[in-house]
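Step one of this worksheet: look at the structure below.
The values are calculated or read from the model by the stated rules, or taken from the named source; none is laboratory data. Everything numeric here is computed off the predicted structure, so don't read it as measured data. Methodologically, a virtual Cβ is constructed for each residue, glycine included, from the backbone with ideal geometry; neighbour enumeration extends over all protein chains shown. These area figures cover heavy atoms from the full protein model, side chains too; ligands, DNA and RNA do not enter into them. Shrake-Rupley method; radii C 1.70, N 1.55, O 1.52, S 1.80 Å.
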Amino acid sequence: MTASTDIDKRIAATSRRGFLLEGGALMGGAVIAGGLGRQALAASQTGDNVPPNVAEWMKTPGDPMGSLPYGTPSPFEKAVVKNIPNNLPQYLSASGRTPLQDLDGIITPNGLFYERHHGGVPTIDPAQHRLMLHGLVDRPLIFTMDDLRRFPSQSQIYFLECSGNPGYKKPYGKTASDLVGLLSCAEWTGVRLKAVLQEAGLQADAKWVVAEGADAAGMTRSIPIEKCLDDAMLVYSQNGERLRPQQGYPLRLLLPGFEGNMNIKWLRRLHVTAEPAYSREETSKYTDLMPDGSAREFTFVMEAKSIITRPSGGQRLGAAGFHEISGIAWSGRGKIKRVDVSVDDGKSWQQAQLQDPVLTRALTRFRLPWHWDGRPAVIQSRAIDETGYVQPTLAELLAVRGENYFYHNNAVWPWRIAADGEVSNANA
């Protein structure tokens with residue numbers, strides 16, 4: 001069988017599955033002239049830099065190796081930056097959102113990782129930084145960074161998400177970043193918190209670990225001992241390099257699947273106790289009023305969630321025909337089992353393809369080929385995790401939690417596509 005015959009057969013098979021539309025296809029990196037191929041060919045006919053002409057950037061040598069000691073993106077990607085609201089005092093309590101609609105795959109580059117600070121970003125000399133472990137332990141200890149790096153290390157991919165992502169009050173952002181940009185995913189390297197606690201020796205009545213950060217806010221959260229002895233980590237590296245100051249350099253706590261505020265940055269103290277601390281961040285903040293007047297507290301886990309990032313708000317479909325719907329899904333309870341996509345405002349659903357790897361408590365990329373007929377449409381996705389939990393609609397959440405709720409909004413988010421291809425928030 002020749003290579004061309006093999007490609008022809010694969011194209012025919014794909015066409016029978018409905019992936020190829022209007023007589024054209026994208027297969028194995030080759031654009032078939034017809035359908036999408038004709039559109040691409042027409043768009044490439046103009047300009048002095050298109051083949052077979054010699055492009056301008058081929059005529060002189062490029063920048064020399066080593067001109068920049070730390071690599072930077074192409075200048076043509078200068079618009080792909082964190083989304084920082086203009087109405088926040090950035091030196092004090094601030095946030096910066098990941099541009100999810102501009103990213104591919106599941107890993108967030110360190111420079112685009114979302115930020116949330118309550119007292120600014122401290123500048124900490126790692127040689128002077130210490131971690132104190134005390135309380136209900138047999139041997140109170142103080143660790144240097146070198147001490148912690150002597151423990152066996154591990155690297156794991158996990159997402160991190162703020163529990164106010166988005167709040168219920170104003171879920172009217174334009175882009176995916178506006179809505180759920182307080183979300184990122186990275187490969188984290190560090191040591192198991194369990195190993196460090198075992199070094200100190202836990203006492204029988206140890207039920208909680210109160211973690212404290214070294215920022216001006218003295219951020220403090222209470223962690224159940226079960227989580228500390230499970231998958232919790234003390235991390236010092238992110239995506240292969242040392243943590244950046246905005247992410248807790250030189251040391252942070254990582255609690256896979258738990259709300260972001262609990263993943264204490266600039267970690268300086270672990271106090272083992274029999275009771276939670278009931279700090280500001282778990283009483284006046286990060287709790288929710290229920291319709292009956294009671295307050296829901298210690299809502300640690302981020303439930304299953306998803307969002308379509310392409311096409312999404314602020315983007316535009318250039319023409320009717322084939323388009324790939326792509327997005328991300330995640331769950332604090334484990335792996336994503338399935339993602340369903342609707343292209344008719346929730347009247348019917350199709351199962352999307354999950355892109356490998358599908359990891360526990362990490363972002364999962366999903367894809368669905370779609371033929372847009374050029375008429376107005378509403379598209380949306382819903383995630384189902386391995387526990388069977390199904391991502392709810394906003395109306396379903398509000399029916400249970402009421403209007404005073406704020407955190408843990410994991411609602412289905414629809415996008416409206418107009419006849420001219422413009423994509424906007426369908427809930428705005």
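So which of 264, 223 ends up being assigned to a loop (DSSP other than H, G, I, E, B), buried (at least 21 other Cβ atoms within 10 Å of the Cβ) and among the hydrophobic types (A, V, I, L, M, F, W, C)?
When all the criteria are applied, what remains is 264.
Starting from residues that are at positive phi and either free of Cβ contacts under 8 Å to residues at least 60 places away in the same chain or touching an Asp or Glu at 6+ places or on another chain (Cβ under 7 Å) (or both), keep the ones in segment 379-428 and report whichever is surrounded by the fewest Cβ atoms within 10 Å (Cβ to Cβ).
My answer is 388.
Looking only at segment 328-347, count every residue that is of a type in the set (Ser, Thr, Tyr) and within 17 Å of the chain's Cα centre (by Cα) and tell me the total.
Taking segment 328-347 first, the residues of a type in the set (Ser, Thr, Tyr) are 331, 342.
Next, only the ones that are within 17 Å of the chain's Cα centre (by Cα) stay: 331.
Adding up the residues that qualify gives 1.
Which condition does residue 255 not pass, out of (1) in contact (Cβ under 8 Å) with a residue 12 or more places away in the chain; (2) farther than 20 Å from residue 159 by Cβ, if it passes all the others?
With (1) in contact (Cβ under 8 Å) with a residue 12 or more places away in the chain; (2) farther than 20 Å from residue 159 by Cβ applied to residue 255, the lone miss is (2).
Considering only segment 133-184, state which residues are in a loop (DSSP other than H, G, I, E, B), among the β-branched types (Val, Ile, Thr) and crowded, with 18+ Cβ neighbours inside 10 Å.
Scanning segment 133-184 gives a single hit, 175.
Kindly provide the set of residues from segment 248-261 that are open to solvent by 10 Å² or more (accessible area, probe 1.4 Å) and over 20 Å from residue 285 (Cβ atoms), ordered by number.
249
Taking the conditions exactly as written (in contact (Cβ under 8 Å) with a residue 12 or more places away in the chain, touching a strand residue (DSSP E or B) at 6+ places or on another chain (Cβ under 9 Å) and crowded, with 19+ Cβ neighbours inside 10 Å), does residue 189 satisfy them or not?
yes
Taking the criterion of being open to solvent by 70 Å² or more (accessible area, probe 1.4 Å), in contact with a Gly (Cβ under 6 Å, 6 or more places away or on another chain) and at pLDDT 85 or above, would at least one residue in segment 87-109 satisfy it?
No, segment 87-109 has no match at all.
Please enumerate the residues belonging to segment 352-378 that are farther than 30 Å from residue 233 by Cα, without any contact (Cβ under 8 Å) to a residue 40 or more places away in the chain and open to solvent by 70 Å² or more (accessible area, probe 1.4 Å).
Answer for segment 352-378, where residues must be farther than 30 Å from residue 233 by Cα, without any contact (Cβ under 8 Å) to a residue 40 or more places away in the chain and open to solvent by 70 Å² or more (accessible area, probe 1.4 Å): just 353.
Only residues that are in contact (Cβ under 8 Å) with a residue 40 or more places away in the chain, hydroxyl-bearing (Ser, Thr, Tyr) and surrounded by fewer than 24 Cβ atoms within 10 Å (Cβ to Cβ): list them for segment 288-339, please.
Once the filter is applied, which keeps residues that are in contact (Cβ under 8 Å) with a residue 40 or more places away in the chain, hydroxyl-bearing (Ser, Thr, Tyr) and surrounded by fewer than 24 Cβ atoms within 10 Å (Cβ to Cβ), segment 288-339 yields 299, 326.
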